[in-house]
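Working notes, structure below.
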Amino acid sequence: MRQPSVISRRVAASTALLALVAGLAACGPEDTKSAAAGSGAAGEPKKGGTLTVLNSNPQQDFDPARLYTSGGGNVPSLVFRTLTTRNREDGAEGAKVVPDLATDLGTPSENATVWTYTLKEGQKYEDGTAITSADIKYGIERSFAAELSGGAPYLRDWLIGGADYQGPYKDEKGLDSIETPDDRTIVFRLNKPEGEFPYLATQTQTTPVPQAKDTGTKYEEHPVSSGPYKVVSNENDGERLVLERNPHWSAATDEERKAYPDRIDVRSGLDAAVINQRLSASQGADAAAVTTDTNLGPAELAKVGNDKKLAARVGTGHFGYTNYIAFNPKVKPFDDPKVRQAISYAIDRTSVVNAAGGSSLAEPATTFLPERDSFGHVPYDHFPAGRTGDPAKAKELLKEAGHGKGLTVTLTHSNDKDFETSPEIATAIQAALKKAGITVELQGLESNDYSDTIRSAKKEPGFFLSHWGADWPSGGPFLAPIFDGRQIVRDGANFNSGFLNDPEVNREIDEINKITDLEAAAARWGALDKKIGEQALTVPLFHPVYKRLYGEDVKNVVISDWTGVLDVSQIAVK
Amino acid sequence: MSEALLVQEAGAAPAVAPASGARSFWRRLRAQRAASAAALVVLLLVLTALAAPLLTALAGQDPNTYHPDLVDSAAGGVPIGSFGGVSGEHWLGVEPQTGRDLFARIVYGARVSLGVALVATALQIALGLVIGLAAALGSRWLDQLLGRITDINVALPVMVIALALLAIVPAAFPRPVLIALVIGGIGWSGMSKIVRAQALTLKSLDFVAAARLSGRGTWSVARRELLPSLAAPVITYAALAFPTNIIVEAALSFLGVGIKPPTPSWGQMLTEADTWYQAAPTYLLIPAGLLFVTVLALTVLGEGVRTALDPRAASRLRVGTRTGGKEESA
């Protein structure tokens, strides 16, 4: 996700500071009518009330074709039902995929290249018309239209004929690889075995869109709801989004969404400091407020830690995400595995974790896969650096590599402050490598320039900070884009930054993709991660931990290992 | 021009001439208590900046070493201990999240903050003098051209231009030098306007006319006759521009386009500290307080210098001006 520019954020931060000094004038609650009941988060969740969502990023592109989500998103999932969805449970249980519009996770056949789904009976849109399999097919097809781009690339890569399909506005015939033999059945034909298709079916692209109601790029203003809420108003391209109950949604066909509040009021474009200030004050309507995009920062955490009442209103979660150092072995001296290993040994993960916000906001990582069961995480530490690095071992390796007199390298990072690839992380690495005789020069790039540079096969630097998040909680979307040799992209965004093209790795990825038993596949992904780790193409640094405040009246907080953040579909405010 | 005025102006010129002028200048400066105190503060700051390696060695610290054990990692990295982790080793405590020594970063930061402002001010003086003198002494056409350029320069929004320039220059260019060049290169118009106006007045005076009639070239006249007389307004202006330049550097660093890590500058430290104002207030208060004291001291000193160089104001001080009493009684 793109971050707002450093300058604008800095200016915003200083304005927030000024506003605070001026007696919180600018950060007061927007609606003081619904007074706080003061009952706290305990008690049985009941229906009713208004849930306010305070966000920094607007819900732009509120069109199921354009949304890039993991598991269908948080707010989008209130309006868009999908073929499958994420299990709305706490922790590891929540990383499982469960049926949504479909009766099950799909029936694979022909070596997992054909997936067949049957829709549950009696499911309706907000206007009372029935949801059909043809609408799901149409919804997927329109995500191929150039004007509605933005989603994940998997459907284009996996569906037969997907690579050349231009969407239903240009090609009315549609995609032959999606068949709808009757109103409740949909069949997908893939160009290779994909055992993880049920995970992909959680994304909003599998949301039904009735062709008669499609308004193209304007559809996002009022998409037809299949979920418990419908869009009442959408102002300023998703800056303020108001949702109210969809009377035709039936809880009987939807086991996942609880839909307690009567109304959801999403207010975006707020500064992170203001959001956290308002949630901690929890005044008026803010008592029934949550955020779906703003974490607590280190300084805010230090403040919350001193206040027991406030600390009780912090939700903690883990999203599958890894921050790492990437090497480009085409650039000297990183072509030498000994140099890469030496850097791995020299890393001081305690300093790095502190720079990322401390042990409550980041966990040191020695594996590329996140430390969650659904990823099939297998623990390993091939180049043990201990808590604070092993400069002696690093020096020894450098000497063997012919750099006994020391080494000067350039580390590329982004200039975005308080971001995972920030100058703070880079300087922590610089300080650690100095002890091993490695002089690190820092090359900070502005955010757009940074992502263009590190994702370009031609411009890629030798040594840079990078990060990867899960499209769904499995090893597949985590390892394949980074380590599959056939996914090296010469022109365009390349994620295989180590240019690894190992036939053995490629073959194993193909083998795992054939497995439809997701748990069995996970174990194989974990083993593959351990094996790739031996090549020291990356230095895993840390996995972030999400901590988010919520208002005093918020109940039924559920945080899964899939998203790592509280699920708005479960929250009650009464 | 009346004869009396001529005498007075001519008399003013030697007042700032080297030997006796400098001595009386110091005497007049010392007579102002606030200015003397400010001068002492500035001297201390400059010495601190110059002796940064010595002072940090004395404290046994350096500005870039991480001390992860001195911060509470689970609480976001807030320094352990009171007043931001003040101890015998860390005189001003440590930085949150990194545990770097604050005292070392402050004294090294002084080097950048003062150094950048000094170079920027010198550049403003040099550009202002050259452009102002050229406008005053050159042809009418040149005066018109330089006048328009100066007007445009006055109208330029300094911060916006600086932000744009700093964003496009490659990262390899040494940052402190670049910032000094940008601040100095943009902010010379005030100086050039003063120099031009003063030079135009001086040009019509007899001693300048005499020099020109004796056949000396324009630049020789400018150097030998005009420059000494321009010293007073230039020094005064510089003394007031210097603290402004410190603020501009701090603002640029605060906006994230200034000094790059790990080099500390006070402005950069303020940026890092902006979210910590509640959890670790000393982290914000120390660089902010120092910046405030420095700018205040420099401004008071600048005002003192202006007073000491201004013969009329100096006369009111009743020191160092032999003719002071007579003028007043006249």
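The single residue among A:ALA355, A:ALA346, A:ALA394, A:ALA342 that is at pLDDT below 95 and either buried (at least 24 other Cβ atoms within 10 Å of the Cβ) or in contact with a Pro (Cβ under 6 Å, 6 or more places away or on another chain) (or both) turns out to be A:ALA355. The set of residues from the stretch B:58-106 being part of a strand (DSSP E or B) and under 23 Å from B:LEU45 (Cα atoms) comprises B:VAL94, B:ASP101. Listed by first and then second residue, the pairs linking a residue in the stretch A:48-71 that is surrounded by fewer than 22 Cβ atoms within 10 Å (Cβ to Cβ) to a residue that is acidic (Asp, Glu) and in a loop (DSSP other than H, G, I, E, B), with Cβ atoms under 6 Å apart and 6 or more places separating them unless they lie on different chains, are A:GLY48/A:ASP262; A:SER56/A:ASP293; A:ASN57/A:ASP293; A:PRO58/A:GLU239; A:GLN60/A:ASP237. With a requirement of 3 or more residues that are under 20 Å from B:GLY187 (Cα atoms) and modelled with pLDDT of 85 or more, the helices (runs of 4 or more DSSP H) lying completely within the stretch B:238-330 that satisfy it span B:281-309. Of everything listed in (1) assigned to a strand (DSSP E or B); (2) in contact with a His (Cβ under 8 Å, 6 or more places away or on another chain); (3) closer than 30 Å to A:LYS332 by Cβ, the single unmet condition for A:ALA536 is (1). Among the residues of the stretch A:180-226, those identified as farther than 25 Å from A:GLU508 by Cβ and in a helix (DSSP H, G or I) are A:THR204, A:GLN205, A:THR206, A:GLN211, A:ALA212, A:LYS213, A:GLY216, A:THR217, A:LYS218, A:TYR219, A:GLU220, A:GLU221.
It is to be established whether one or more residues within the stretch A:548-562 are touching a Gly at 6+ places or on another chain (Cβ under 9 Å), surrounded by fewer than 18 Cβ atoms within 10 Å (Cβ to Cβ) and not in a loop (DSSP other than H, G, I, E, B). Among the residues of the stretch A:548-562, not one is touching a Gly at 6+ places or on another chain (Cβ under 9 Å), surrounded by fewer than 18 Cβ atoms within 10 Å (Cβ to Cβ) and not in a loop (DSSP other than H, G, I, E, B), which makes the answer no.
Candidates B:ARG105, B:ARG140: the one that is of a type in the set (Lys, Arg), within 14 Å of another protein chain (Cβ to nearest Cβ) and farther than 18 Å from B:TRP188 by Cα is B:ARG105. Test of understanding: among A:TYR345, A:TYR324, which residue is more than 30 Å from A:GLU552 (Cβ to Cβ), touching a Gly at 6+ places or on another chain (Cβ under 8 Å) and in contact (Cβ under 8 Å) with a residue 24 or more places away in the chain? On inspection, the qualifying residue turns out to be A:TYR345. Of everything listed in (1) in contact with a Pro (Cβ under 7 Å, 6 or more places away or on another chain); (2) buried (at least 18 other Cβ atoms within 10 Å of the Cβ), the single unmet condition for A:ASN111 is (2).
Here's a check for you: in the stretch A:421-452, which residue that is over 19 Å from A:VAL339 (Cβ atoms) and more than 12 Å from every other protein chain (Cβ to nearest Cβ) is surrounded by the most Cβ atoms within 10 Å (Cβ to Cβ)? Taking the candidates together, the pick is A:THR421. Whether a residue is touching a residue at least 60 places away in the same chain (Cβ under 8 Å), more than 14 Å from chain B (Cβ to nearest Cβ) and of a type in the set (A, V, I, L, M) was assessed, and A:ILE488 does not pass this test. Whether a residue is small (Gly, Ala, Ser) and under 24 Å from the mean Cα position of the chain (by Cα) was assessed, and A:ALA536 does not pass this test.
Take the stretch A:430-473 and flag every residue that is in a strand (DSSP E or B) and within 16 Å of A:PHE334 (Cβ to Cβ). Scanning the stretch A:430-473 gives A:ILE438, A:THR439, A:VAL440, A:GLU441, A:GLN443, A:PHE463, A:PHE464, A:LEU465, A:SER466. Scanning the stretch A:209-219 for residues that are under 21 Å from A:VAL242 (Cα atoms) and in contact with a Pro (Cβ under 9 Å, 6 or more places away or on another chain) gives A:VAL209, A:LYS213, A:ASP214, A:TYR219.
If you check A:ASP336, A:ASP373 for being more than 14 Å from chain B (Cβ to nearest Cβ), out of contact with any Asp or Glu (no Cβ under 9 Å at 6 or more places or on another chain) and touching a residue at least 40 places away in the same chain (Cβ under 8 Å), only one passes: A:ASP336. Within the stretch B:56-89, if we keep just the residues that are touching a helix residue (DSSP H, G or I) at 6+ places or on another chain (Cβ under 6 Å) and more than 14 Å from chain A (Cβ to nearest Cβ), the residue that is surrounded by the fewest Cβ atoms within 10 Å (Cβ to Cβ) turns out to be B:PHE83.
Entry remark, the stretch A:106-116: residues being touching a strand residue (DSSP E or B) at 6+ places or on another chain (Cβ under 6 Å) and either in contact (Cβ under 8 Å) with a residue 24 or more places away in the chain or in a loop (DSSP other than H, G, I, E, B) (or both) number 6 in total.
One residue alone among B:THR121, B:THR150 is assigned to a helix (DSSP H, G or I), of a type in the set (S, T, N, Q) and within 15 Å of the chain's Cα centre (by Cα), and that residue is B:THR121. Within the stretch A:266-286, being of a type in the set (A, V, I, L, M), under 11 Å from A:GLU552 (Cβ atoms) and buried (at least 21 other Cβ atoms within 10 Å of the Cβ) holds for one residue alone: A:LEU279. Within the stretch A:117-133, can one find any residue that is within 23 Å of A:ASN513 (Cβ to Cβ) and in a strand (DSSP E or B)? Among the residues of the stretch A:117-133, at least one is within 23 Å of A:ASN513 (Cβ to Cβ) and in a strand (DSSP E or B), which makes the answer yes.
The values are calculated or read from the model by the stated rules, or taken from the named source; none is laboratory data. Since we're looking at a predicted model, the values are computed, not measured. Neighbour counts run over all protein chains shown; Cβ positions are idealised from the backbone, glycine included.
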